[in-house]
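Notes follow the structure.
Read the figures in this text as sums done on the coordinates, not as results from a lab. Since the model is a prediction, treat every value here as computed from it, not as a measurement. Positions of Cβ are generated from backbone atoms using ideal geometry, with glycine treated the same way; all protein chains shown enter the neighbour counts.
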Amino acid sequence: MDTKPVFHGSDIEKICSYYNLKKEDIVKFGANVNPLGLSPRASQAIASHIELLSSYPDRDYTSLRNTISRYCNIPADFILPGNGSSELISLLIQERSPKHTLILGPTYSEYSRELSFSGSTQEYYHLQESMDFEPDIPDLCRKLEQGYDFLILCNPNNPTSSAISKKDLRDLIHFCEEKDIFVMIDETYVEFAPDISAITAVPLTQEFTNLIVLRGVSKFFAAPGMRLGYGITGNKKFLEKMREKQTPWSLNSIGAFAGEIMLQDEEYIQQTRQLILSERDRMIDELKNISTYKVYPAYANFILLKIQKDGLTSYDVFEACIRQGLMIRDCSSFQCLEGEFVRFCIMMPEDNSRLVNVLKSL
Ligand SMILES: Cc1ncc(COP(=O)(O)O)c(C=O)c1O
């Protein structure tokens, strides 16, 4: 009988009680959150503006939308803030009510969960491990000809950390426009990419109306508890319909206020990018010559490893790490991922070195 427990990325309480660990002693390599924590400017501003909780936020989030507009270089009326990108995924699927959806997988499981509450059929287009999980665009277009009306992709993708170039995205969205297929692109991890402008679809919202891009502050700005996400689309009618269905004041007043401060904290943004980009390269360099693992190119703040040593499973690697207080993600619960895989995000340099040493020892 298989008695191994199955843990998900956010199962920290369960993991602590199973391995008899203290929560504060664990390094969270599975959460994909910036290890620098909140922007210091944002935390100070939150502390001194706590009385904002006694008023409703601006129902149109005008000031926040203007700040996001400058941050993303896109008109403010293309932007819909929400309660994390999770609310927007749910809202847009409800509003779109697709009939046949294609999801590029393996990917974040929430798309499939939300779709299961809609009337849509859902199918995965399998990204190939042999192609480092990058899609073959002509092949994907042939698949899309089979009657889909909705396409979901995550760029950079969770858990593969692979990315699609802006040029390929333009070809794909153009093809979808001709076939009347609406495209949702989740860019939760895009700010960690070596060159953001080479992969973001945000400028394409000015060319195509069959497109919505989702972003948020949970990962790059280390603020998952704030629940600030935003959708970007040039389809004004669709944006208006989503807004009408949205719960009023869905983003709280502290989130709306502090969100603006975070997005303007240039020093924090630079520090984060310096840390993640240099540590990601260092970790990849250290692991790529070890035959136990295959390492894939990484565009997000996490790295996917395939375990290629006979008899060593993803659970064995997870367990060896957690026994040292290093919590990585065992990827066995991801759909479309055949084989033994683990994923871990970039943390502070000394923690990253500890993790690399454990991985090397297996
Ligand atoms: C790809 C992806 N999209 C969205 C989310 C959730 O984002 P939010 O906190 O903005 O709802 C996650 C969280 O892990 C994620 O990995």
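Among the residues of region 58-86, the one identified as part of a loop (DSSP other than H, G, I, E, B), in contact with a Leu (Cβ under 9 Å, 6 or more places away or on another chain) and either without any contact (Cβ under 8 Å) to a residue 12 or more places away in the chain or surrounded by 21 or more Cβ atoms within 10 Å (Cβ to Cβ) (or both) is Tyr61. Counting residues in region 251-261 that are more than 21 Å from the chain's Cα centre (by Cα) and of a type in the set (Asp, Glu) gives zero.
Condition test on Asp25, is it charged (D, E, K, R), closer than 22 Å to Gly229 by Cβ and away from the ligand (no atom under 16 Å from the Cβ)? No, not satisfied.
So for region 293-307 (the condition being farther than 22 Å from Pro156 by Cα and either surrounded by 14 or more Cβ atoms within 10 Å (Cβ to Cβ) or not aromatic (Phe, Trp, Tyr) (or both)), does at least one residue qualify? Checked region 293-307: no residue is farther than 22 Å from Pro156 by Cα and either surrounded by 14 or more Cβ atoms within 10 Å (Cβ to Cβ) or not aromatic (Phe, Trp, Tyr) (or both). In region 212-240, the residues that are without any contact (Cβ under 8 Å) to a residue 40 or more places away in the chain and farther than 23 Å from Arg273 by Cβ reach residues that are surrounded by fewer than 20 Cβ atoms within 10 Å (Cβ to Cβ) and of a type outside the set (A, V, I, L, M, F, W, C) with C-beta atoms within less than 9 angstrom, at least six apart or across chains, in these pairs: Asn235/Thr209; Lys237/Thr209. Quick one: would you say Leu104 is within 16 Å of the ligand (Cβ to nearest atom) and under 30 Å from Pro297 (Cα atoms)? Yes; evaluated as a whole, the condition is true for this residue.
Restricting to region 152-179, name every residue that is among the hydroxyl-bearing types (Ser, Thr, Tyr) and within 13 Å of the ligand (Cβ to nearest atom). The answer is Thr160, Ser161, Ser162. For Val202, work out the one condition from (1) within 10 Å of the ligand (Cβ to nearest atom); (2) surrounded by fewer than 24 Cβ atoms within 10 Å (Cβ to Cβ); (3) of a type in the set (Val, Ile, Thr) it doesn't fulfil. Going through (1) within 10 Å of the ligand (Cβ to nearest atom); (2) surrounded by fewer than 24 Cβ atoms within 10 Å (Cβ to Cβ); (3) of a type in the set (Val, Ile, Thr) one by one, Val202 breaks only (1). Has region 293-312 got any residue that is assigned to a helix (DSSP H, G or I) and without any contact (Cβ under 8 Å) to a residue 60 or more places away in the chain? No, that holds for no residue. Whenever a residue of region 168-197 is closer than 10 Å to Pro156 by Cα and assigned to a helix (DSSP H, G or I), its partners that are among the charged types (D, E, K, R) and within 16 Å of the ligand (Cβ to nearest atom), lying with C-beta atoms within less than 9 angstrom and at least six residues away or across chains, give the pairs Val190/Arg215; Glu191/Arg215; Glu191/Lys219; Phe192/Lys219.
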